[in-house]
Amino acid sequence: MTQVQKTHETHKSKSNDSLDRVRAAAQELHGAITDATAKRGEAMKQDLQSLLPKAKALTASLKESLGVQSDGIKKHLAEAVLHVEALQKHVGESLKTTGHAVEGSVRQAVVEARAAVQKVSEALAAKRTAESMHAHS
């Protein structure tokens, strides 16, 4: 294997590792929001409040990942960013409201978290497919 091939393989591996980490963070955020929905009142709001920095960090990681991906993968990641930003909005709304409005905002945050995980998973699958096709050509 030439030095150029080794460098390319190392870059591919780091890129996949990065997407794997982003997906794991998205899955963790989804799980934490889902867990928070099992609580009520202030306990739920405290959990949700602690999730905002994680959601912001995930958004930053997704945006950082956009710069090193192909156009097809960028599309999935950009959609994931939109879902995480919507999640942040819904969590923020849930922290300001009470009663059924909180429940609706939290449910919508769960939906957005699930959609973000799906989009990151699609990006990772697209990347692996492209690499597999490139390796076989």
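None of the figures in this text is laboratory data; all of them are computed from the coordinates on show. These numbers were taken from a predicted model, which means no experiment stands behind them. Neighbour counts run over all protein chains shown; Cβ positions are idealised from the backbone, glycine included.
Exposure proxy shown here: for M133, M44, the number of other Cβ atoms within 10 Å sets the order, fewest to most, as M133, M44. For the chain, a Kirkwood hydrodynamic radius built from all Cα pairs, placed in the Stokes-Einstein relation at 4 °C and 1.567 mPa s, yields a translational diffusion coefficient of 82 µm²/s. Here nothing in the chain passes the span test, since no DSSP H helix has an alpha carbon length of 20 Å or more along the helix axis and a Kyte-Doolittle mean of 1.0 or above.
By the helix-only formula, in which each DSSP H run with n ≥ 4 contributes -39500 (n - 2.57) and the sum is divided by residues, the chain has a 222 nm mean residue ellipticity of -32500 deg cm²/dmol.
Once the Cα-Cα distance is subtracted from the 0.36 nm per residue extended length, the E93 to A57 segment shows a gain of 11.1 nm.
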